[in-house]
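Q: Structure provided below as structure tokens; questions to follow.
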Amino acid sequence: MPVFSLDPVQQAWCDELRTLAAEKLRPLAEKGEAGRVNRPLVAALGELGLLQRLFGAGALELCLLRESLAYSCTEAETALALQGLGAYPLVQAGTAAQRERWLPEVIAGRAVSAFALSEPGAGSDAAALALEAVPDGDGWRLSGEKRWISNAPEADFYTVFARTGHGAGARGITAFLVPADREGLTGSPLEMLSPHPIGALAFAGTPVTRDDMLGDENGGFRVAMSTLNQFRPSVGAFAVGMAQAALDATLAHTARRTAFGGPLKDLQAVSHQVAEMAVRTEAARLLVYAAAEAYDSGAADVPKRSAMAKLLATETAQYVVDAAVQLHGARALQRGHLLEHLYREVRAPRIYEGATEVQRTIIAKELYSKERHTRGPYEERQTKERT
């Protein structure tokens, strides 16, 4: 059954997380440098047990965790999510030796992980990867580049997806765990709108062996998609957390700010705008929770639900934050204002882990796939009329 409201225990946990993020994590985030990995913040996530909780969480719990942290500290949410994204392939497909070496370090916040999938010519079309794994004895040498990789070039290890076979599309891709100090691997930071670290990686004959593989040879695309399917609903949760923070700030501002002889909230144009922001935020939240519950219960329509959740939540967050800025006026554009920060943060989720257009493609594909195997009322009626 989809979740339409949280029970008291879940709500209390979310409240606790919001407070923890505001009091313990935000001060560390504020000391960090934009575009750089904030290692004290990552370490605090480990010390507080949040990274341990991350790797033991179901999809719904992951969504509650990300939404609550995002509400109070987007930097903490992003640092936690990137640890999960980079290390989840290790959890699902790594060998015992790989997990023993790296997972305790990731969970403790001592090692920073990264998910290296995107390339200059392969963003939303993940099957178009060109990073080449050239056979070399019992292993391969990687040649090519990755781009727009979160936590690069400062991560301690990368989950790297490379082409080991000559099959078209998704066939012939293998996942490798590549330590940052591996020969031939270099990186550089990219200056992006979003304040979290993003960079490019260059592989110049970087050696990898079968001991570095995550999963089966030529089975890396499955590892990548499984990771993205796990995290896609929770990207929506991140967006909902930002939308709720923007909405609450707007409620407080419009209740206090006076103009034209009274508080802004008494202007119908303002109050109706706030109502619309609230409705959209709640609708997105419910769709995210429903997608997460579907994932946890093993429902057959998880790809469609996950795509719908990410699509609606990220587009909603963009709308709500933009509307909040408009209702706050120029003050919201000043450096250091919550909404100025959210305005920069909210744009990227509409692109990464499958852009909005990709989500619509997935949804349509799933809908038409089902249509081929079922007949709706119209088709039933047409059949009766013909007979």
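Bear in mind these aren't lab numbers, they're just calculated from the coordinates by the rules spelled out. Note that the structure is a prediction, hence the values are computed from the model and not measured. Note that each Cβ is placed from the backbone with ideal geometry, even for glycine, and that neighbours are counted across all protein chains shown.
Q: HN-Hα J couplings of the stretch 81-98 from phi, Karplus 6.51/-1.76/1.60, θ = phi - 60°, integer Hz, Gly and Pro as x?
A: 5, 5, 4, x, 5, x, 9, 4, x, 5, 5, 7, 9, x, 7, 4, 5, 5
Q: How would GLU345, GLU33 line up from fewest to most surrounding beta-carbon atoms within 10 angstrom?
A: GLU33, GLU345
Q: Continuing with this model, one more query. Could you list CYS73, CYS14 in order of exposure, starting from the residue whose Cβ has the fewest other Cβ atoms within 10 Å?
A: In order of increasing Cβ crowding within 10 Å: CYS14, CYS73.
Q: About the Cα centre of the stretch 113-220, what is the dipole size in debye to 20, counting +1 per Lys and Arg Cβ and -1 per Asp and Glu Cβ, all else neutral?
A: Value, rounded to 20: 260 debye.
Q: Provide Rg and Dmax in Å for the stretch 239-364, with only Cα atoms included in the calculation.
A: Radius of gyration, then largest Cα-Cα span, for the stretch 239-364: 16.4, 56 Å.
Q: Quick check: residue separation of GLU217 and LEU251 times 0.36 nm, minus the Cα distance between them. What number comes out in nm?
A: Contour length minus the Cα-Cα distance gives 6.9 nm.
Q: Return the Cα extents of the chain along principal axes one, two and three, sorted largest first, each rounded to a whole Å.
A: 79, 74, 38
Q: Additional query: Express the Stokes-Einstein translational diffusion coefficient of the stretch 113-220 in µm² s⁻¹, to the nearest whole number, given a Kirkwood radius over alpha-carbon pairs, 10 °C and a viscosity of 1.306 mPa s.
A: Details: Rh = 13.6 Å.
After rounding, the answer is 117 µm²/s.
Q: Let me ask something additional. Can you tell me the length gained on complete extension of the stretch ALA97 to SER188, counting 0.36 nm per residue apart and subtracting the Cα distance? Intermediate results must be reported in sequence, preceding the final value.
A: Numbers: separation 91, 0.36 × 91 = 32.76 nm, distance 2.95 nm.
Gain on stretching ALA97 to SER188: 29.8 nm.
Q: So what is the orientation-averaged projected area of the stretch 1-73, using the convex hull of its C-alpha atoms, in nm²?
A: 5.4
Q: Okay, next question. Ranking TYR71, TYR158, TYR343 by Cβ neighbours within 10 Å, fewest first, what do you get?
A: Sorted ascending by nearby Cβ count, the order is TYR343, TYR71, TYR158.
Q: Within the stretch 239-258, find all residues whose amide N lies under 13 Å from a label point positioned 7 Å from the Cα of ASP266 along Cα-to-beta-carbon.
A: 255-258
Q: Over what distance in Å are the Cα centres of the stretch 32-101 and the stretch 215-258 separated?
A: After rounding, the separation between the Cα centres reads 14 Å.
Q: Separate question: If I model a spin label as a point 7 Å beyond the Cα along the Cα-Cβ vector, how far apart are those points for GLU132 and PHE55 in nm?
A: 3.6
Q: How large is the charge dipole for the chain, taken about the Cα centre, if only the Cβ atoms of Lys, Arg (+1) and Asp, Glu (-1) carry charge, to the nearest 20 debye?
A: Taking the Cα centre of the chain as origin, the dipole is about 780 debye.
Q: Once fully extended, how much extra length lies between GLU16 and PHE4, figured as 0.36 nm per residue of separation less the alpha-carbon to alpha-carbon distance?
A: Contour length minus the Cα-Cα distance gives 2.3 nm.
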